[in-house]
């Protein structure tokens, strides 16, 4: 009976493992502080981060590079974040989309409805962003899991929306 010993070369090196598991995140926000906070949470969840501060920058990035997840602010210097959502739909983006916006809940809900009409299922978080919630969303996105929380088979997002004023 022979025993095969595993050498260092038989194992994937750290760079190979990181490349396999790293996810690419596009952060679309014109506020440097918010970009830094989102990037910090993203890196803890295993994402590499690219920034876009305007709608036009975001649209160019979406059409030129591949991302696994996109966070979008609704109010940007040169337009509305829904323009970015439209570009995401046109590009047939299949990753996770998270709206992070200081707009009121009704505006975030309207953006979510618009996104769904484009075939995008997105989540939304208010600003200031809850970093724990964002890390959960990003970690689930990195693992390819849906970001909608369920407890006992009940989707929490649907429950929350029914109880909003």
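The values are calculated or read from the model by the stated rules, or taken from the named source; none is laboratory data. All values derive from a computational prediction rather than experimental measurement. Cβ sites come from the backbone with ideal geometry, for glycine too, and all protein chains shown count toward neighbours.
Restricting attention to the stretch 92-108, the residues being part of a loop (DSSP other than H, G, I, E, B) and surrounded by fewer than 15 Cβ atoms within 10 Å (Cβ to Cβ) number 3.
Each row is one residue, and each column tells you yes or no for (1) modelled with pLDDT of 50 or more; (2) assigned to a helix (DSSP H, G or I); (3) loosely packed, with under 11 Cβ neighbours inside 10 Å.
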position: 110; (1), (2), (3): yes, yes, no
position: 137; (1), (2), (3): yes, yes, no
position: 159; (1), (2), (3): no, yes, no
position: 164; (1), (2), (3): no, no, yes
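Residues of the stretch 8-37 that are part of a helix (DSSP H, G or I), within 19 Å of residue 139 (Cβ to Cβ) and at pLDDT below 80: 17, 18, 19, 20, 21. Only a single item in (1) touching a strand residue (DSSP E or B) at 6+ places or on another chain (Cβ under 9 Å); (2) modelled with pLDDT of 90 or more; (3) within 20 Å of residue 43 (Cβ to Cβ); (4) assigned to a helix (DSSP H, G or I) is not met by residue 142, and it is number (2). One residue stands out among those in the stretch 38-60 that are assigned to a loop (DSSP other than H, G, I, E, B) and touching a helix residue (DSSP H, G or I) at 6+ places or on another chain (Cβ under 7 Å): the one that is surrounded by the most Cβ atoms within 10 Å (Cβ to Cβ), which is 45. If you check residue 116 against the conditions, is it closer than 18 Å to residue 23 by Cβ and part of a helix (DSSP H, G or I)? No. Restricting attention to the stretch 61-81, the residues that are touching a helix residue (DSSP H, G or I) at 6+ places or on another chain (Cβ under 9 Å), outside any strand (DSSP E or B) and surrounded by fewer than 18 Cβ atoms within 10 Å (Cβ to Cβ) add up to 3.
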